[in-house]
Structure formats: C-alpha cells, structure tokens
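Below is one structure, written out as structure tokens, with a few remarks after it.
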Amino acid sequence: MRDINKIAAVLPKAEVRDGALVIQASEAVEVLAAVKALGGFALFDITCVDRPAGTPPASAEGAVPAYPACFELAWRIWDLSEGSKDILTIRSFIDHDRAEAPSVMAVWKSADMLEREVWDLMGIRFTGRPHLERVLNRADFEGHPLRKDFVMPKRDRFPPASWDKKAAEGGQ
Amino acid sequence: MELNHNDPSAPGHGSKEPTTLIKGPLHDGIEAVLDFCRGNSLWPVTFGLACCAIEMMSAGGARYDLSRFGYEVFRPSPRQADLMIVAGTVTDKMAPLLKTIYDQMPEPKYVLAMGGCAICGGPFTDSYSVVQGVDTIVPVDVYVPGCPPRPEALIDGILKIRAMLRHPELREVRFNA
C-alpha cells in the first residue's frame with residue numbers, strides 16, 4: 001500500500017482530504033498524468049455525484065466544510081503494484097452552471113467509455129476529446145437522468161412512432 | 001407462403017387471413033400436422049437480457065432439463081429460431097434491436113414474455129429508459145409472470161405454446177396457470 005500523502009507530495013496541485021486527493025477539475029489532466037508516471041496505476045472508473053447545497057458528504061473523519069451545490073467528479077484509480085489492492089480516489093468539485101471537465105483520454109484511454117457514461121447520465125461535458133456521445137440512453141434522449149433536477153418525462157405505455165425507424169417510415 | 005404485409009399494394013394486405021398456396025381442408029390438415037411437429041421442437045432464440053436469463057439457462061440445464069420436451073436448441077441466430085423468450089428488462093436502447101431480431105425470425109414465430117419486466121416493465125416501469133412491456137413492441141403469445149419465474153414456470157409457459165399449437169382454438173382463451 002502506498003501512502004496517499006506521499007503520492008500527494010509529488011503531485012503538482014493536490015490536497016489530501018477525507019482519504020482522497022482533491023484537485024481542481026481544470027488540472028485533472030496534469031494530475032492524472034503525474035499519477036500515471038508513478039507507475040502501477042490504472043484508471044478503472046469515473047463517477048459523479050450531484051450534491052445539493054449544504055450537505056457535506058458523510059465522513060469517517062468528520063469536519064468536512066459545507067460547500068455549495070456542485071457535482072463531485074471522482075476518478076477512481078487502481079493501485080496495481082505488488083501486494084496492493086488499493087483504490088486511489090481523485091476528487092474535484094464542479095459548479096452546477098459550468099458542468100465541464102477536461103478529458104483524461106490522452107492519459108488513460110479507458111476514460112473513453114467512462115466519460116461518455118458520465119456525460120450521458122450526469123451531463124458533465126468533457127472537453128478536448130472526440131465523439132462525446134450517449135452510451136446507455138438513446139441518442140435522442142433529452143436531459144441527464146441522474147441529475148437532481150432531472151424531471152421524469154411523461155411516458156406513454158406505447159413508445160412514440162419515432163422509436164423505430166421503420167415505424168417512422170410508415171411501416172407496420 | 002406469407003406475403004409482405006408491410007406493402008399496402010401487396011395482395012392480402014390488411015386481411016388477417018394469411019395468403020397461402022393451398023386452401024381448404026387440405027391446407028388445414030397440413031398445417032395441423034406441421035403445428036403438431038412445431039409444438040414438440042420449438043427452437044428458442046438466445047435472447048437473455050437480465051436475471052430472468054439465468055433462470056432460462058437453468059431451465060436448459062440438466063436439473064430442469066428443457067430438452068425432454070424438445071425445446072433445448074437455443075439458436076444463436078434468429079433465422080433458425082421460431083420462439084423468442086424475452087427474458088429480462090427491455091430498455092429503450094435495446095427495443096429496436098429486439099424488434100430487429102423479431103423481424104429476422106421466420107414465420108411462424110412465437111414470443112414468450114418472461115418475468116415482470118418483459119410483461120409490463122416490472123419494478124422499472126416508472127423508469128426513464130425502460131420499455132413498459134415487450135408487448136408494446138412485438139406481439140406476445142404467452143406471459144410468464146414472476147420475478148424471475150422459476151424454470152418450471154418457463155417450461156409451463158412453453159408448454160402453453162405447445163397447447164396453443166395443438167389446439168388453435170386456445171388462442172382465443174385466456175389461460176390461468
């Protein structure tokens with residue numbers, strides 16, 4: 001197991017908070033590149049949480065200051081060095097009205113699908129990468145369903161005529 | 001011989017009677033014999049979508065042994081299958097693929113909706129992305145309720161299709177298992 005404080009010491013702009021590295025989203029690429037340069041790490045998950053205002057996350061250590069409503073974006077990085085099964089979490093907090101983060105596809109190619117999933121469900125726009133498209137929902141889906149302000153669309157039991165190309169062309 | 005019912009100019013379009021080469025009692029007799037044979041060797045297309053598929057696989061395994069009825073030949077290609085067991089949750093993204101697979105199956109074809117999700121959306125019926133019942137997409141012959149149904153229930157559902165093939169008048173009857 002590698003000490004997270006030692007990892008943070010060699011990274012340019014990261015602080016250790018609540019067992020995770022906290023960075024500015026705009027610096028994600030250089031921080032993740034520095035982590036990758038340490039060797040033995042692999043990005044295996046990108047997750048995002050829509051945090052409403054005034055609810056600090058439950059913490060084992062407590063004393064986490066409250067912050068305004070934000071998206072908490074986390075890169076989860078597997079420590080694959082010998083004898084370790086640890087997961088290094090790198091967090092950043094993003095404003096609601098500017099839901100944007102740089103893509104880390106240039107560092108880890110596995111970020112491709114993960115970023116598309118976060119875009120699909122949470123609407124974080126990853127910049128500097130090609131084909132940021134939906135993965136789990138249909139391409140014509142409107143909204144980002146895991147956001148707190150997502151309003152459930154009214155659905156008929158039967159799908160609209162446009163769901164199937166053939167049906168839209170007047171077949172069936 | 002089935003004609004293309006999607007083509008409005010084709011003969012037989014809009015009528016429920018399939019256009020066949022032979023008509024009358026001879027045709028009915030041949031169809032009855034063929035239906036009897038079909039009922040004993042339905043080939044399902046492999047189409048597992050969620051946890052119901054585990055029960056479907058279990059039904060095909062040695063313990064429940066679907067093969068004693070002649071239904072174990074799960075085909076990887078819809079062109080070789082005549083029964084689609086929709087085992088699991090159908091999402092909006094999967095729905096066009098399900099329709100394509102159904103369209104690729106040769107006539108006559110049957111659909112069995114397995115489990116609550118395939119019947120009406122199940123616990124996900126209020127979701128933003130789940131189809132509220134596979135019968136909104138393709139015509140369903142037999143519904144097997146359960147979450148998921150046990151393998152015996154699936155076997156019973158396929159036997160209901162067999163009963164429907166042997167006794168076509170049962171198409172008009174609503175079974176209560």
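The values are calculated or read from the model by the stated rules, or taken from the named source; none is laboratory data. This one's a predicted model, so the numbers in the text were calculated from it and none came from an experiment. Because the Cβ atoms are built from the backbone with ideal geometry, glycine has one as well, and the counts that use them run over all protein chains shown. Remember, those area values only see protein heavy atoms, side chains included, never the ligands or the DNA or RNA. Shrake-Rupley method; radii C 1.70, N 1.55, O 1.52, S 1.80 Å.
Only one of (1) open to solvent by 70 Å² or more (accessible area, probe 1.4 Å); (2) within 13 Å of the chain's Cα centre (by Cα) fails for B:Met84. Which number is that?
(1)
Yes or no: B:Lys93 surrounded by fewer than 21 Cβ atoms within 10 Å (Cβ to Cβ), within 11 Å of another protein chain (Cβ to nearest Cβ), out of contact with any Cys (no Cβ under 7 Å at 6 or more places or on another chain) and farther than 14 Å from B:Cys52 by Cβ? Outline the logic, then answer.
Numbers: surrounded by fewer than 21 Cβ atoms within 10 Å (Cβ to Cβ): yes; within 11 Å of another protein chain (Cβ to nearest Cβ): yes; out of contact with any Cys (no Cβ under 7 Å at 6 or more places or on another chain): yes; farther than 14 Å from B:Cys52 by Cβ: yes.
Yes.
What do you reckon, is B:Val144 in contact with a helix residue (DSSP H, G or I) (Cβ under 8 Å, 6 or more places away or on another chain), modelled with pLDDT of 90 or more, surrounded by 17 or more Cβ atoms within 10 Å (Cβ to Cβ) and within 24 Å of A:Leu136 (Cβ to Cβ)?
Values: in contact with a helix residue (DSSP H, G or I) (Cβ under 8 Å, 6 or more places away or on another chain): yes; modelled with pLDDT of 90 or more: yes; surrounded by 17 or more Cβ atoms within 10 Å (Cβ to Cβ): yes; within 24 Å of A:Leu136 (Cβ to Cβ): no.
Considered against the rule, which asks whether it is in contact with a helix residue (DSSP H, G or I) (Cβ under 8 Å, 6 or more places away or on another chain), modelled with pLDDT of 90 or more, surrounded by 17 or more Cβ atoms within 10 Å (Cβ to Cβ) and within 24 Å of A:Leu136 (Cβ to Cβ), B:Val144 comes out as no.
List every residue pair whose Cβ atoms lie under 9 Å apart, where the two residues are 6 or more positions apart in sequence or sit on different chains, the first residue falls within the stretch A:1-13 and is under 14 Å from A:Asp79 (Cα atoms), and the second residue, located anywhere, is open to solvent by 40 Å² or more (accessible area, probe 1.4 Å) and among the acidic types (Asp, Glu).
A:Met1/A:Asp86; A:Arg2/A:Asp86; A:Ile4/A:Asp86
For the stretch B:101-114, name all the residues that are part of a helix (DSSP H, G or I) and either at the interface with chain A (Cβ under 9 Å from one of its Cβ atoms) or among the aliphatic types (A, V, I, L, M) (or both).
Here is the first cut: in the stretch B:101-114, the ones part of a helix (DSSP H, G or I) are B:101-104.
Scanning the stretch B:101-114 gives B:Ile101, B:Asp103.
Working only within the stretch B:115-136, note down all residues that are open to solvent by 20 Å² or more (accessible area, probe 1.4 Å), facing chain A (nearest Cβ under 7 Å) and within 19 Å of the chain's Cα centre (by Cα).
Across the stretch B:115-136, the qualifying residue is only B:Gln132.
Among the residues of the stretch B:50-68, what is the count of those that are open to solvent by 50 Å² or more (accessible area, probe 1.4 Å) and among the hydrophobic types (A, V, I, L, M, F, W, C)?
4
When only residues in the stretch A:85-131 that are open to solvent by 40 Å² or more (accessible area, probe 1.4 Å), in a loop (DSSP other than H, G, I, E, B) and in contact with a strand residue (DSSP E or B) (Cβ under 6 Å, 6 or more places away or on another chain) count, which is farthest from A:Ala42 (Cα to Cα)?
Top of the filtered list is A:Gly128.
Kindly list, by first and then second residue, each pair from a residue in the stretch A:132-159 that is more than 8 Å from chain B (Cβ to nearest Cβ) to a residue that is outside any loop (DSSP other than H, G, I, E, B) and open to solvent by 60 Å² or more (accessible area, probe 1.4 Å), limited to pairs with Cβ atoms under 6 Å and residues at least 6 apart or on different chains.
These pairs meet every condition: A:Val135/A:Glu117.
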